[in-house]
Structure formats: structure tokens, C-alpha cells
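Engineer: Below is the structure I would like to discuss, written out as C-alpha cells.
The values are calculated or read from the model by the stated rules, or taken from the named source; none is laboratory data. All values reported here derive from a predicted model rather than from experimental measurement. No Cβ is skipped: glycine too gets one built from the backbone with ideal geometry, and neighbour counts run over all protein chains shown.
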Amino acid sequence: MASGALAADMAPAYDWSGFYAGLNAGMLIDNSNASADLSGDSAWTKNGSKNDNTSDISFTGGGMLGYNWQIDKLVLGIETDLNYGGASGDAETTYSDRSATFGTAKVTYQGDWFGTVRGRAGFAMDNVLIYGTGGLAYGYFDSKGYLDGDRMRTDNWVGVGWTAGGGVEYGIDKWSLGLEYLYVDLGSEENSGSAMDSTFKTNVDYRFSVVRATAKYNF
């Protein structure tokens, strides 16, 4: 009887095991780097480049599905999500000789959505779960390249990269409420174009941070 009571005391009071579905909402902090390079064959054209690191903040929100396995206080899981993500920015560089402007190269980009497929590993303290997470990330972006104000190139692009982060959740009956951080890196996209004796090349490294609240229903 004593050993049975001790085992009951050691068993976690809140069970994190099983399927769940939920929603998330928060802010996306854009850390992308955009660059524009201009070069030419004429004697007056100066070659060079301009890089802009952005830190704009926008809204993000979406849905998620997952499954947890609980082994004593260890919680292992897998989760996937799909989200709206409004990252956007630009970089522009102009080259001139003395006071006259001879060329301008510019790139703009806009993100529409992103998703992740991640593993999770956490430590449960009754109905409080602290976890780390990481895995695959993907997202849809478009970028536009301009030379002297004329749009020369448009690329629609699905980037595939990685994500890592962590969070904390608090369980209440069938619900769990949480706060999560993710860093997402979707790689880079490059395009180029030319007109007359000038050539431009643009590049965008897509990376951003996500801070969001989550609400999940555990089946």
C-alpha cells in the first residue's frame, strides 16, 4: 500500500500526452538582409553595392497541429504550423560621378506566409511545460529588381531552411496557453538584369524572429 501511494504521488497530475490543435498570434521581427549591386562598362560608371539590414515588426498568426508523448516528466513531441507572415523591405544604391547621377539599382521583397515542421522536447512540472523546439522551415516570398526605376525582374520563391526556439505552456483542463519564440532562416534569393551598359544584381537573405502567444486544445 505504501509503495502504491508513493507511485501515485510521483505520477504527474497533468497529462500532456495526445493530439492537439491550436491557434497562434504575435509579432514577426524581420532580420533579413537585402543588397543591390550595380556595375557597367562605361568609363564613368562606379561599381559598388549597398546592404540594408531590416528590423521591421509586423503581425503574424496561424494554426498548428501536434502530438505529445509523456514519459514521467519528459515530454517529446512533433508539431507543424502554417502562418501568415508579413516581412517586407528594400535596398537601393545609386552611383554618380561628382554631382550627376548615372545609375540606380533597387530590390524590394515581400513575404506572404511561412510554415514549420518541428520536434519538441520539454520538462513537465505538473501543468507547466518548458520546452525547446527545432526543425524544418519553409515560406513564400516575392522580390522585384529595378534598374534606373524600371522593373527588370520579378521572382516568386518558396524558400526552405531551418528554425529553432523554445517556449512555455500552462495546461488548464483540455486547454494549454503558451508563449513561444522561434528564429527562422529561409536561405537567400538572387536575381539580376541589365539595360544598355549597366548591370544590376540583387540578393535577399530571408531571416526573421517570431514571438507569439499560443492556445491549444488537447484531444
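Engineer: Look through the stretch 163-189, keep the residues that are without any contact (Cβ under 8 Å) to a residue 40 or more places away in the chain and more than 19 Å from the chain's Cα centre (by Cα), and return whichever of them is surrounded by the most Cβ atoms within 10 Å (Cβ to Cβ).
Structural biologist: Among residues in the stretch 163-189 that are without any contact (Cβ under 8 Å) to a residue 40 or more places away in the chain and more than 19 Å from the chain's Cα centre (by Cα), the one surrounded by the most Cβ atoms within 10 Å (Cβ to Cβ) is Leu177.
Engineer: Also: Is there a residue being among the charged types (D, E, K, R) and modelled with pLDDT of 95 or more anywhere in the stretch 81-93?
Structural biologist: Scanning the stretch 81-93, I find at least one residue that is among the charged types (D, E, K, R) and modelled with pLDDT of 95 or more, so the answer is yes.
Engineer: How do the pairs read when you match residues in the stretch 68-85 that are basic (Lys, Arg) with residues anywhere that are modelled with pLDDT of 95 or more, using Cβ under 6 Å and keeping only pairs 6 or more apart or on different chains?
Structural biologist: Sorted first by the residue in the stretch 68-85, then by its partner, the pairs are Lys73/Phe123; Lys73/Ala124.
Engineer: Let me ask another. Can you find a residue that is among the aliphatic types (A, V, I, L, M) and either under 17 Å from Gly85 (Cβ atoms) or loosely packed, with under 14 Cβ neighbours inside 10 Å (or both) anywhere in the stretch 132-150?
Structural biologist: Looking through the stretch 132-150, at least one residue is among the aliphatic types (A, V, I, L, M) and either under 17 Å from Gly85 (Cβ atoms) or loosely packed, with under 14 Cβ neighbours inside 10 Å (or both).
Engineer: Right, another one. Could you grab the pairs with beta carbons closer than 9 Å, sequence gap of 6+ or different chains, first residue in the stretch 106-135 and farther than 16 Å from Thr214 by Cα and without any contact (Cβ under 8 Å) to a residue 24 or more places away in the chain, second one surrounded by 15 or more Cβ atoms within 10 Å (Cβ to Cβ) and of a type outside the set (Ser, Thr, Tyr)?
Structural biologist: none
Engineer: Can Ser192 be described as surrounded by fewer than 19 Cβ atoms within 10 Å (Cβ to Cβ) and among the hydroxyl-bearing types (Ser, Thr, Tyr)?
Structural biologist: Spelling it out, Ser192 is indeed surrounded by fewer than 19 Cβ atoms within 10 Å (Cβ to Cβ) and among the hydroxyl-bearing types (Ser, Thr, Tyr).
Engineer: Another question, then. Kindly provide the set of residues from the stretch 136-159 that are more than 30 Å from Glu180 (Cα to Cα) and in contact (Cβ under 8 Å) with a residue 12 or more places away in the chain, ordered by number.
Structural biologist: Within the stretch 136-159, Lys144, Gly145, Tyr146, Leu147, Asp148, Gly149, Asp150, Met152, Arg153, Thr154, Asp155 meet the criteria.
Engineer: Which one is farthest from the chain's Cα centre (by Cα), of the residues in the stretch 145-162 that are at negative phi and charged (D, E, K, R)?
Structural biologist: Asp150
Engineer: May I ask you to list the residues in the stretch 166-219 that are over 20 Å from Thr108 (Cα atoms) and of a type in the set (Phe, Trp, Tyr)?
Structural biologist: Within the stretch 166-219, Tyr170, Trp175, Tyr181, Tyr183, Tyr217, Phe219 meet the criteria.
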